[in-house]
1. Only one of (1) at pLDDT 95 or above; (2) among the hydroxyl-bearing types (Ser, Thr, Tyr); (3) under 15 Å from the mean Cα position of the chain (by Cα) fails for SER84. Which number is that?
2. Out of all the residues in the range 27-46, is one or more open to solvent by less than 40 Å² (accessible area, probe 1.4 Å) and acidic (Asp, Glu)?
3. For ALA74, indicate whether it is over 16 Å from SER7 (Cα atoms), among the hydrophobic types (A, V, I, L, M, F, W, C) and open to solvent by 70 Å² or more (accessible area, probe 1.4 Å).
4. Here is a list: VAL92, VAL98. Which entry is in a strand (DSSP E or B) and modelled with pLDDT under 95?
5. So, in the range 1-19, how many residues would count as being surrounded by 13 or more Cβ atoms within 10 Å (Cβ to Cβ), outside any strand (DSSP E or B) and either under 12 Å from the mean Cα position of the chain (by Cα) or at pLDDT below 95 (or both)?
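The values are calculated or read from the model by the stated rules, or taken from the named source; none is laboratory data. This structure is a prediction, so every number in the text was calculated from the model and none was measured. Here the Cβ positions follow ideal geometry from the backbone for every residue, glycine too, while neighbour counts run over all protein chains shown. Quick note on the areas: whole protein, heavy atoms, side chains included, nothing else; ligands and nucleic acids left out. Shrake-Rupley method; radii C 1.70, N 1.55, O 1.52, S 1.80 Å.
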Amino acid sequence: QVQLVESGGGLVQPGGSLRLSCAASGSIFNIYAMGWYRQTPGKQRELVAAFTSGGSTNYANAMKGRFTISRDNAKNTVYLQMNSLKPEDTAVYYCNAVRTVASTKYIYWGQGTQVTVSS
């Protein structure tokens, strides 16, 4: 299967920045979509940003203009640059990947990395 490892989370002040990384390993063949989600206690996990199967990007409205998703195909790594952070951005951020094998879709999640925005 695919293993996803997130890194780069931490504590920042409002208005600060963080850069998250997600490295994929294992059976990484035929991964056609990767992205970032976030979740706070008692709330549903929500989309932050993602690369679609067509190579375009998709951002949630609350993040658009502040967050930027990028990738390094040679390193099998996806990044999330987070600028102008707000307290409401505090959450556990999860990396996500979708892989298709023999016409079957598999969805993978990382363990998550904590982002806390507070003064």
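1. (3)
2. The answer is no; no qualifying residue exists.
3. yes
4. Among VAL92, VAL98, only VAL98 is in a strand (DSSP E or B) and modelled with pLDDT under 95.
5. Final tally of qualifying residues: 2.
Residue by residue, here is whether (1) in contact with a strand residue (DSSP E or B) (Cβ under 8 Å, 6 or more places away or on another chain); (2) open to solvent by 40 Å² or more (accessible area, probe 1.4 Å); (3) in a helix (DSSP H, G or I) holds:
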{"position": "VAL48", "(1), (2), (3)": "yes, no, no"}
{"position": "ALA62", "(1), (2), (3)": "no, yes, no"}
{"position": "LEU80", "(1), (2), (3)": "yes, no, no"}
{"position": "TYR106", "(1), (2), (3)": "yes, yes, no"}
